1. Filter the trypsin sites (Lys or Arg not before Pro) in segment A:339-374 down to the DSSP loop ones having no more than 16 other Cβ atoms within 10 Å, then list what survives.
2. Per 10 Å bin from zero, what fraction in whole % of the C-alpha pairs of segment A:237-303 is there, up to the bin with the longest pair?
3. Contact order normalised by length for segment A:1-126, with contacts defined as Cα pairs under 8 Å and 6 or more residues apart; what percent is it?
4. Could you give me D for segment A:424-476, from Stokes-Einstein at 10 °C and 1.306 mPa s, where the hydrodynamic radius is the Kirkwood radius over C-alpha pairs? Units µm² s⁻¹, please.
5. Near the amide H of residue A:155, under 5 Å away, which other amide H atoms are found, from residues 5 or more places off or on another chain, if H is placed in the peptide plane?
6. Any idea what the dipole of segment A:1-120 comes to, in debye rounded to 20, about its Cα centre with Lys/Arg Cβ at +1 and Asp/Glu Cβ at -1?
7. Antiparallel versus total DSSP beta bridges in the protein assembly as shown: what percent is that, nearest 5?
8. Work out the charge dipole of the protein assembly as shown with +1 on the Cβ of Lys and Arg and -1 on the Cβ of Asp and Glu about the Cα centre, then indicate which of A:79, A:11, A:143 is farthest towards its positive end.
Amino acid sequence: MAALADIIAQARRVDGHRPWPRAVVTPDAWRAVAAELAAGHATLLGLWGDGGAVHMAVMSEVGYDINVVSVECPDGNFPSVGALHPPAIRLERAIKSLYGLEPIGATDTRPWLDLGFWDVQHPLSAHPQQPGEPTPYAFLPVQGEGLHRIPVGPVHAGIIEPGHFRFTANGETVVRLEQRLGYVHKGIESLLAGATVEKAAQLAGRTSGDSTVAYALAFAHAVEAALNIAVPPRAHYLRALMAELERLANHFGDIGAICNDASFTLMHAHCGILRERVLRAADACFGHRLMMDGIVPGGVARDIAADGGMRVKDTLAEIRWRFPRLVELYDNTASLQDRTVKTGVVSAELVRQFGAGGYVGRASGRAFDARKAQAYPPYDRLEFEVPVLTAGDVNARVWVRIREVEQSLALVDQILARLPDGAIAVRLTAPAGISEGFGLAEGFRGDVLAWLRLDGLRVVRCHLRDPSWFQWPLLEAAIENNIVADFPLCNKSFNCSYSGHDL
Amino acid sequence: MRRTLLEGFTHSPLTEPPPSADDAALAELAAKVDGAARRRLGRSLSIREVDAGSCNGCELEIHALNNAFYDLERFGLRFVASPRHADVLLVTGPVTKNMREALQRTYNATPDPKWVVAVGDCALDGGMFAGSYAVTGGVSSVVPVDLHIRGCPPRPLDLLKGLLALLEWQSAG
């Protein structure tokens, strides 16, 4: 670890970046940081463009210290991180497509997110250009006897988000899956630039609708860090209540949907009931089923309704009555276990290398959870465990969710019991000049990263990184040597966000 | 498993009484004149959902229509896997430029007579995403829209009211 600390100690620190430091490094030092990532001494949290510079967030594996390092790109290029550390490859391809900044030494130079349909090239660069003639996308070559290709999407058969999957199969066995994403790219980062903090919070909350609470929380953390303001204790507890309700609703949805993809509809129907109960309780508490716009920088937008606590307690009681029997049903149904056990295995090494969060990481032995590791309030005062398994298969990803449901129920109990009185928000006051903030929040899918630069109370630049960036590539690995028919099962057990990734 | 299944017989169903069709939706539909096509379909519609750039919030609530509380299929409405089998395209999102061609092709693959229902505030005119280099600005900028269901996202009950209005109007033709 000394190496990373040394590199950063020798670099130029940027003032006004909170809560973790940001340092501008030389291209050589940038390469050295990439080598530290490749050596497994640190985890890549994010890599994004910003005008004529590129930033990289890295986290030490010991102590979970975070640093942001930046490299200036006066010649429009920067040393490739992906050349040394594969998890950076898609992020760099996106930087090239959006900013036109060239990763020197990159092994994969194909565009990412830009599918050739925009009226501009490099839309986020200082000087966007007219696009040239679109060139056909070159999927990775596959050679061998008896191989056939199955193109799927962007419009899929179910009610799910669009993306393209290119399977190469030998008979029923998948030998390669290649994803092509970007279909739901909305240009959110371009809309965030110049927006007021208030408007930007709403946009952040619509980056991935299923994680609207987590996004709003990560964004609020970043704004509050930048402005160096403290949020009232009641707001912390209400935020955590929203976050845990969101986690419960999504986990119920996922557990049911995974079983549904194994044609076990009974679980799906019953989990659907629990999910609906949670959404109705959320609606009763905060006036919106998904709790959109409930969290705002400075606190929360609305206090919990007078009977909200009772509604949540009733819902928890029903879950505690019904859920254990559904777990038993899952565990005792051999035909279902036959589909989920040993299917779609992800190795501990890959999960560690990619820094995959959420149930994808925790089903393969990576214990990171931003609620624990960063211990943002009120989680620093709440008792909970982070369940970790090692099998890395679909079954393990189901079980991590089951265990997390149990933990969330206990967390909601504590939150309701300890909910402090007092204000629910503080007014934001515009500071003079530029400030920068970095925020993490643990969503149901994993850690959401928000980074921003403010000028007063206006966003100059904001980057949002979905946990899916480090999970999608692992799905390609998980499906290898599984049969095509198990792909829906593997895919649902990951449940990556298309919209959060495509941004 | 047996206990869970047996309880299904002894417990009263969770399914809730249907809401009345949405008046605003009926008014929007009244502007359409396509009696012959309406009569051909009877009281049943197959729906193909197309996410054309949504944040996935709308998808979550559309999914909820299939749960025990709303039970969409009791009205003769069901989701199908292919546009070839569909009467209705339920389109969400501001329609990203990256999805424009896919939406157009899905529309073209859907046999006539067909209806397009745009779901969510951003499907109306791009909503919060309007003005971005990456979005077209609403479903009607790409394919003709028969009905809009507003909301961010619309609640399942609002979706149900809109779809029931379509069903009512369509079978009244």
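Bear in mind these aren't lab numbers, they're just calculated from the coordinates by the rules spelled out. Not measured: the values here are computed from a predicted model. Every residue, glycine among them, receives a Cβ derived from its backbone with ideal geometry; neighbour counts consider all protein chains shown.
1. A:342
2. Distribution as computed: 23, 44, 23, 10, 1 percent.
3. Numbers: 228 pairs, mean separation 25.7, N = 126.
Once divided by the residue count of segment A:1-126, the mean separation gives 20 percent.
4. On the way: Rh = 13.1 Å.
Value of D from the Cα-based Kirkwood radius: 121 µm²/s.
5. Result for residue A:155 returns nothing.
6. Numbers: 9 positive and 14 negative charges, 25 e Å.
For this selection, approximately 120 debye.
7. Working: 53 of 77 bridges.
If we restrict to bridges inside the protein assembly as shown, about 70 percent are antiparallel.
8. A:143
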